[in-house]
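The values are calculated or read from the model by the stated rules, or taken from the named source; none is laboratory data. Quick caveat, the model's predicted, so the values are computed rather than measured. Ideal geometry is used to build each Cβ from the backbone, glycine not excepted, and the neighbour counts take in all protein chains shown. The area values use the complete protein model at the heavy-atom level, side chains included, leaving out ligands, DNA and RNA. Shrake-Rupley method; radii C 1.70, N 1.55, O 1.52, S 1.80 Å.
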Amino acid sequence: MGASSFCAGLIYYFCSISNFQNILESPIEFLKGVGPQRGELLRKELEISTFEDLLYHYPYRYADRSQVTRIGFIDPKAEFVQIVGTLINVIEEGDGRKKRLVATLYDDTGRIELLWFQRAQWMKKSLKEHERYIVYGKLNYFNGIVNIAHPEIELLNADTSIPGRQPVYPTTEKLRAKGVTNRSFAKLTQALFEKIKAHDIPEILPDDVRNNFRLCGRFQALRWIHFPDTEEHEQVARIRLKWEELFLSQLKIGRLRLQHTAQAGWHFEKVGELFNTFFSEHLPFALTNAQKRVLKEIRQDTGTGKQMNRLLQGDVGSGKTIVALMSMLLALDNGFQACIMAPTEILAQQHFFGISDLLQKMGIQVELLTGNVKGKQRKEILSQLADGTLRIVVGTHALLEENVQFQNLGLAVIDEQHRFGVGQRARLWQKNTMPPHILVMTATPIPRTLAMTMYGDLDVSVIDELPPGRQPIKTIFARDNQRGRVMEFVRNEVNKGRQAYIVYPLIEESEKMDYESLMAGYEQVKMWFNENKYRIAMVHGRQEAGERERNMQRFVKGEANVLVATTVIEVGVNVPNASVMLIESAERFGLSQMHQLRGRVGRGAEQSYCILLAGSKVSEESYKRLQIMASTTDGFKIAEEDLAMRGPGDMYGTRQSGVLKFKLADIVQDSGILEQTRTAAMQVLTNDPKLLLPQHYALRELLAQQGKQSHWGKIS
Ligand code: ADP
Ligand code: MG
């Protein structure tokens, strides 16, 4: 007995005596057909470690394997085919990496080639010539001859039955290589359903909800999602499970919201001297009506004795910073400290310079705290925060660290929220004996469905008005071969005394190549712009922070005419004199990203331009994005389009935060279901906020269990 199976035996022993409360929590290796080795593999490859994980490992499509086609009658238009025949001529061809296995399957009507490009040797050993096999796979045509590559293949013997409708599961190369095929998944799941009973999967949806929305039972749905007898069953199951996912998330958000509204908060009693002095003497411009309205809302929230949790949405350039600043003064006026947290070093620095500039005249000290502030300086800031001599601090994630203690933090502003996860927001709560007021600011307008799932727990303010005197930015689409004219245009603008951004893509996956093209681009720009006459600065993520900062500052202060950059400048940077945003390889940028970049110009009174420079090969989808950009500057419209084109997972870095991790539901396509679940969740919570009624028992249990597993729980 090997060491691992010995251990497994031991675990088995303990498991059987401890007798799992719930069979679904059993380790996966105890399922018939799994065992320690496969168990380990499933865990590593797909994070399937319990019966439950397997239960929720849904098929992504179904194969109709009820029909066996005779080889001579294969429909050339069919995508998949199932055949039965005798295997001959199993031959390895080629060598080294090009090695492949070729075999022939024949019946009395014809023959077809089967191919394996991977694991040729292993397959060769496991296949037996002159035996009959049942084969299923996707048809390929190569030079007019049909074949099947990597088919599912199974020896036909007396007890082989024709599979019928078969689930097709997501899997990995490694699992397949170790013989855990799609069929294995189906068999394991079948074995699972032989073990569990309906009562192991209690219904969580209250009866009236289920009746109202005509949803099938939970056990039934799980059974049918794996093994639907008909397409209709599959649909019914799918809807029910999507409904459940969205409903649970809406309940969680709803409960958070209830907690927030009940959460006691610091009472800002008055609008005091600092606020008023700033307003009457130092405000560099008149506030827009939208800014005034939002300030009023913030004033109201903070004056109730409840904690404020407010999301401030406003398109790029709508002037959120000044709102944040004045809210911070409000906190100071009431004897509290305030902080503002930005997602990047550069942004934090910019806020720091902007804010200290405005507040200097009033003698208010502001400090910057980021990962790069070290040693004595850091110590000093930390101690001033702790004893309360420092009232305003600007920073990055560094502010969240445990050793950053405030004497009396009353307001935390989070800029560009989509870079921060829900869990991070929660950490700010711990910074005072009672949580500070939270103002979350986002520059990317958020489509309604996304806002409902991501920020459903927050109150929302919108700045829907740009400061006066702005001219709409002109967006121009150009091809690589027009580069000469484009550069001439940019030079012209610079000659008028304006500044220009030239932005290159930098994508993690192709970082090296992107970096090289950035450098090549920089050299080119230096050639287009005579170095004796123009000054070019460059910023990118590989620079040491100090250098990046110096270059950025050269541009901010107007010492550099052109800034060559990667998307490190994406959010927040404010240089009103810049009037050109040239985006290189624009076809590779996402919509929201381009919108953000475009928002860097058009901040002064001058006519500004955004030039989208695209390569000669642009996919249809990229072209559509560029067209959308050229056709509108409305951030909300762009965000909706972006969400529809990309799906929520890729947007706003939400993938890491886990808020939008749905297995089946898609908040764009299933927005109808989302609306239903939101209403239903609100109804449930209105009648029974703590879910104490008997019909909500299973629901409460499940949420408690899920809360333990995720950061959702930590927020409360
Ligand atoms: P964002 O909402 O994108 O963070 P900012 O706060 O950076 O926008 O403001 C963009 C620019 O508009 C800044 O230069 C700021 O000084 C200016 N600004 C903000 N509010 C007004 C206003 N009411 N009138 C004129 N200019 C304003
Ligand atoms: Mg901003």
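The table for this structure:
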quantity: Counted residues, segment 257-283 - those being away from ligand 1 (no atom under 16 Å from the Cβ) and in contact with a helix residue (DSSP H, G or I) (Cβ under 6 Å, 6 or more places away or on another chain); calculated: 4
quantity: Out of E269, E281, sole residue that is closer than 27 Å to I364 by Cα, assigned to a helix (DSSP H, G or I) and either over 26 Å from the mean Cα position of the chain (by Cα) or among the charged types (D, E, K, R) (or both); calculated: E281
quantity: Qualifying residues in segment 302-328 (those that are out of contact with any Asp or Glu (no Cβ under 7 Å at 6 or more places or on another chain) and charged (D, E, K, R)) - the one farthest from ligand 2 (Cβ to nearest atom); calculated: K306
quantity: Residue list for segment 227-266, filter: assigned to a helix (DSSP H, G or I) and hydroxyl-bearing (S, T, Y); calculated: S249, T261
quantity: Set V539, V564, V580, V575: member being under 31 Å from the mean Cα position of the chain (by Cα) and within 24 Å of I322 (Cβ to Cβ); calculated: V575
quantity: Residues located in segment 568-589, provided they are away from ligand 1 (no atom under 16 Å from the Cβ) and either open to solvent by less than 10 Å² (accessible area, probe 1.4 Å) or under 22 Å from F529 (Cα atoms) (or both); calculated: V580, L582, I583, E584, S585, A586, F589
quantity: Residues that are at pLDDT 95 or above and in a strand (DSSP E or B), drawn from segment 479-502; calculated: Q499, A500, Y501, I502
quantity: Any chance L325 is hydrophobic (A, V, I, L, M, F, W, C), within 15 Å of ligand 1 (Cβ to nearest atom), over 30 Å from Y58 (Cα atoms) and buried (at least 20 other Cβ atoms within 10 Å of the Cβ); calculated: yes
quantity: The one condition in (1) touching a helix residue (DSSP H, G or I) at 6+ places or on another chain (Cβ under 9 Å); (2) among the aliphatic types (A, V, I, L, M); (3) within 20 Å of A630 (Cα to Cα); (4) open to solvent by less than 30 Å² (accessible area, probe 1.4 Å) that V562 fails to fulfil; calculated: (3)
quantity: Segment 279-305 residues that are in contact (Cβ under 8 Å) with a residue 12 or more places away in the chain and within 17 Å of L466 (Cβ to Cβ), paired with ones that are among the charged types (D, E, K, R) and open to solvent by 20 Å² or more (accessible area, probe 1.4 Å) (beta carbon under 7 Å, 6 or more apart); calculated: T288/E465; N289/E465; A290/D464; A290/E465
quantity: Residue check for I162: in contact with a strand residue (DSSP E or B) (Cβ under 9 Å, 6 or more places away or on another chain), open to solvent by 60 Å² or more (accessible area, probe 1.4 Å) and β-branched (V, I, T); calculated: yes
quantity: Matching residues in segment 603-614 - criterion: being out of contact with any strand residue (DSSP E or B) (no Cβ under 7 Å at 6 or more places or on another chain) and open to solvent by less than 10 Å² (accessible area, probe 1.4 Å); calculated: none
quantity: Elements of type strands (runs of 3 or more DSSP E) in segment 77-149, at least 2 residues being β-branched (V, I, T); calculated: 80-93, 100-107, 132-142, 145-149
quantity: Residues that are within 13 Å of ligand 1 (Cβ to nearest atom), crowded, with 21+ Cβ neighbours inside 10 Å and outside any helix (DSSP H, G or I), drawn from segment 284-316; calculated: L312, Q313, G314, D315, V316
quantity: Matching residues, segment 427-452, being in contact (Cβ under 8 Å) with a residue 12 or more places away in the chain and part of a loop (DSSP other than H, G, I, E, B); calculated: K431, N432, M434, P435, P436, A443, T444, P445, I446, P447
quantity: Filter result for the condition that a residue is away from ligand 1 (no atom under 16 Å from the Cβ), without any contact (Cβ under 8 Å) to a residue 40 or more places away in the chain and outside any loop (DSSP other than H, G, I, E, B), over R542, R554; calculated: R554
quantity: Which listed residue, of Y504, Y522, Y455, is open to solvent by less than 50 Å² (accessible area, probe 1.4 Å), in contact (Cβ under 8 Å) with a residue 40 or more places away in the chain and more than 27 Å from the chain's Cα centre (by Cα); calculated: Y522
quantity: Any hit, segment 377-394, residues being in contact with a His (Cβ under 9 Å, 6 or more places away or on another chain), in a loop (DSSP other than H, G, I, E, B) and away from ligand 1 (no atom under 16 Å from the Cβ); calculated: no
quantity: Those residues of segment 521-539 which are aliphatic (A, V, I, L, M) and in a helix (DSSP H, G or I), in sequence order; calculated: V525, M527
